Amino acid sequence: MRHGKKFNHLKRKKGHRKALLKSLAGALITHKRITTTLAKAKALRVFVEPLITKSKTNTTHSRRVVFSRLMNKEVVKELFDVVADKIADRPGGYVRIIRTGARKSDSAEMAMIELVDFNTDYVSGGKTAAKSGKRSRRGGKGKSSANTPPVASNEEE
């Protein structure tokens, strides 16, 4: 029975699950983007977003609270110094999950989880940088023919 199940247990005991989420959160904060299974990425988002919110207020108390969850000095320092400066004006939604398809060995659904403000591929207006190289499947010359000068004809002879 699943009465009162509020989160994904990830088929692990409590201690193992806590250690897994601490490790994944440390890797995400350090590297800004990691690839893992979709279930772990969703569980990690629930774990790490309150910590990022807590890092906005740089007080001794908030540092101690975050350290009690992460247990890694370097990660806490990175979170409060580098990450908190970038996300200072963002009201929430610090993490993006992008599905990357199935893993070849066991067909597990994989996902890439990243900190939103650290992705340089996305522009503030949307995905304009990614769309610039796209080709259209429709026929016709398009804009390229309008820019070319007209070709001289042989009617004058």
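Quick notes on this one:
- Boolean, I34 is under 14 Å from the mean Cα position of the chain (by Cα) and outside any helix (DSSP H, G or I): yes
- For the stretch 85-101, the count of residues that are farther than 21 Å from Y122 by Cβ and of a type in the set (A, V, I, L, M) is zero.
- Residue among T30, T35 that alone is surrounded by 13 or more Cβ atoms within 10 Å (Cβ to Cβ), hydroxyl-bearing (S, T, Y) and farther than 26 Å from S107 by Cα: T30
- Set A102, A88: member being exposed (fewer than 13 other Cβ atoms within 10 Å of the Cβ), aliphatic (A, V, I, L, M) and free of Cβ contacts under 8 Å to residues at least 12 places away in the same chain: A102
- Near pairs, Cβ below 7 angstrom, 6+ apart or cross-chain, from the stretch 9-31 (under 15 Å from V82 (Cβ atoms) and touching a residue at least 24 places away in the same chain (Cβ under 8 Å)) to any residue that is acidic (D, E) and in a helix (DSSP H, G or I): I29/E78; T30/E78
- Subset of the stretch 35-89 [at pLDDT below 95 and of a type in the set (G, A, S)]: A88
- Selection of first residues in the stretch 41-57 that are outside any helix (DSSP H, G or I) and of second residues that are surrounded by fewer than 20 Cβ atoms within 10 Å (Cβ to Cβ) and among the small types (G, A, S), restricted to Cβ pairs under 8 Å at least 6 apart or on distinct chains, gives the following pairs, ordered by first then second residue: S55/S62; S55/A84; K56/A84; K56/A88.
The values are calculated or read from the model by the stated rules, or taken from the named source; none is laboratory data. All figures in this text were calculated on a predicted structure; none of them were measured in a lab. In this analysis, Cβ positions are derived from the backbone assuming ideal geometry, glycine residues included, and neighbour counts consider all displayed protein chains.
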